[in-house]
Amino acid sequence: MNKLVNQNVLLKPGSQTALRSANQQRIVDVLQASGQLSQAQLARETGLAPATVSNIVRELVAKKVLATTSAGGGKRHAVQLAQNAGLVAGIDYGHRHLTVAIADMGHNILSERRVELGPGISADEGIGMAANLLGQALDSIGESLEAVSAIGMGLPAPIDARTGKVGGPSILPGWVGVDPAALASERIGQRVVVDNDANLGVLAEHTWGAATGIDNVAYLKLSEGVGAGLILGGQLFRGPGGTAGEIGHTTIDEFGPVCRCGNRGCLETIVAARSVIDLLEPRYGPGLSIAEIVRMANAGDHACSRILSDTGRQVGVAIANLCNLFNPDLVIIGGELAQADELLLAPIREMVRRCGIPSAAARLEIRRAGLADRSHVLGAVALGLLEATPQMAS
Ligand SMILES: [Zn+2]
């Protein structure tokens with residue numbers, strides 16, 4: 001018998017059955033967090049002996065709790081939680097869209113649906129639409145709500161961790177003061193957990209995207225709103241009030257434009273998508289989009305590349321400050337502005353080198369989000385996966 005199991009017996013006296021079920025649970029927990037792993041990886045992650053892992057996997061495959069697969073990026077005979085261990089769903093509200101996705105416990109996305117949202121939609125209407133879309137997505141894979149063991153939901157708004165209510169400033173004014181988890185759980189008839197979109201961005205990138213396997217990560221969302229999601233020591237860091245990462249409302253210019261939060265000259269008033277567009281509209285007229293600005297900059301337009309570069313420099317100063325405080329290994333740039341890619345990332349890197357503490361800045365990597373506009377809905381799924389309890393088949 002291997003050493004770790006012996007230690008376990010000493011630490012936690014109990015019958016062999018209790019030990020076996022504790023080891024089974026460890027394997028299930030690791031797979032729930034990681035999706036698919038080879039048996040060798042499972043042994044490393046759980047600290048169990050390869051022979052123990054092999055026995056438990058065989059047993060749980062027979063009970064249909066786990067499934068083996070030879071598919072998935074060359075991971076031969078990868079192990080994952082079986083489909084009948086339950087499904088999870090993610091719901092993401094953006095400024096103008098609503099997206100729903102469904103995944104199995106093996107982190108495979110089975111269905112994804114998206115609709116456009118009108119302006120000023122109330123929380124009640126929004127949740128009604130999500131319930132419908134979720135129903136359609138489940139129908140498309142021949143499943144029903146009973147198969148779903150948890151639902152994660154993302155809102156572009158701060159959620160007060162103590163009251164569960166949407167706080168201000170929010171770009172969804174119809175939701176302020178609402179407890180979205182309680183309302184959605186009641187309307188959908190299944191437990192719903194809620195988080196803000198920057199936190200979901202970092203969870204998604206950590207589960208599927210540019211930050212897999214990295215334990216100290218900041219994700220910066222640069223869209224209509226500006227915020228950061230932080231993973232520190234492998235865990236999402238929300239702060240006691242749930243407002244950690246509100247980097248968009250740090251003061252850059254004390255006498256600058258009034259921000260929707262009531263302060264003046266916040267980072268968001270300078271680098272949000274709307275502010276970038278406003279700077280260029282006097283020259284190019286109304287109706288500009290970030291995609292159009294990026295296209296023109298790539299075609300050699302001086303004003304467009306100058307504005308994107310200046311925006312990158314302002315973001316870079318904020319990231320240098322963040323880096324001095326948290327010393328992450330990786331900063332991921334997501335949201336609408338991320339499509340500017342190196343036009344934005346190069347000046348960000350330059351300013352981090354210039355303004356950051358050399359020891360913190362030198363080893364910091366800055367990458368574009370790997371999941372593009374899917375990152376928030378996949379983050380909602382990842383939140384659901386964190387909350388879900390796999391249904392152990394008897
Ligand atoms: Zn502000």
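Rule-based calculations on the coordinates, nothing more; no lab input. Computed from a predicted model, the values in this text were never measured in an experiment. Every residue, glycine among them, receives a Cβ derived from its backbone with ideal geometry; neighbour counts consider all protein chains shown.
The table that follows gives values for the structure above.
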item	result
Cut-off under 5 Å, modelled amide H: who pairs with Thr250 long-range	Leu267, Glu268
GNM flexibility winner over the chain from Gly152, Gly379, Gly106 (Cα, springs under 10 Å)	Gly106
Beta bridges by DSSP in the chain, antiparallel share as percent, to the nearest 5	60 percent
Spin-label pair Asp215/Cys261, simplified geometry with 7 Å Cα→Cβ offset, distance in nm	3.0 nm
Electrostatic dipole magnitude of the chain [Cβ: Lys, Arg +1; Asp, Glu -1; Cα centre; debye, to 20]	1300 debye
The stretch 210-370 - charge dipole about Cα centre, Lys and Arg +1 at Cβ, Asp and Glu -1, debye rounded to 20	200 debye
Gained length - Gln190 relative to Lys63, 0.36 nm times residue gap less alpha-carbon distance	43.1 nm
Among Ala369, Ala150, Ala43: highest mean-square fluctuation, GNM of the chain, C-alpha pairs under 10 Å	Ala43
Within straight-line cross-link reach of Lys64, aspartates and glutamates at Cα separation under 15 Å, skipping those fewer than 8 residues along the same chain	Asp104
Candidates Ile159, Ile91, Ile277: whichever shows maximal mean-square fluctuation once the chain is modelled as a Gaussian network with Cα springs under 10 Å	Ile277
Residues Trp208, Trp175 arranged by fewest to most Cβ contacts within 10 Å	Trp208, Trp175
Relative contact order computed over the chain (Cα-Cα under 8 Å; 6+ residues apart), in percent	17 percent
Euclidean distance of C-alpha centroids, the stretch 346-362 and the stretch 120-173, integer Å	38 Å
Fewest-first sequence of Tyr284, Tyr93, Tyr219 by Cβ atoms within 10 Å of each Cβ	Tyr284, Tyr93, Tyr219
Volume per residue that the Cα convex hull of the chain spans, once the total is divided by residue count, Å³	165 Å³
Chain lengthening between Ser54 and Arg96 when straightened (0.36 nm per residue, less Cα-Cα)	10.3 nm
Filtered trypsin sites (Lys or Arg not before Pro), the stretch 154-209: DSSP coil and at most 11 other beta carbons within 10 Å	Arg162
Length-normalised contact order of the stretch 75-130 in % [C-alpha pairs under 8 Å, at least 6 apart]	28 percent
Charge sum, other residues only, whose C-beta stays under 14 Å from Ala130's C-beta, Lys/Arg counted +1 and Asp/Glu -1	-3
Restricting the stretch 22-102 to trypsin sites (Lys or Arg not before Pro) in coil, as DSSP defines it, with at most 14 other Cβ within 10 Å	Lys63, Lys64, Arg76, Arg96
Per-residue Cβ neighbour rank within 10 angstrom, fewest leading, His302, His95, His249	His302, His95, His249
Cα gyration tensor of the stretch 112-268 - equivalent ellipsoid semi-axes, whole Å, descending	28, 20, 14
The stretch 210-370 pair-distance distribution - Cα-Cα, 5 Å bins, rounded %	2, 9, 18, 22, 21, 15, 8, 4, 1, 0
Amide H contacts under 5 Å for Gly256, placed H, 5+ residues apart	Gly265
Given charges at beta-carbon only (K, R positive; D, E negative), |dipole| of the stretch 113-212 in Debye	120 debye
Computed helical MRE - 222 nm, the chain, DSSP H runs ≥ 4 contributing -39500 (n - 2.57), nearest 500	-13500 deg cm²/dmol
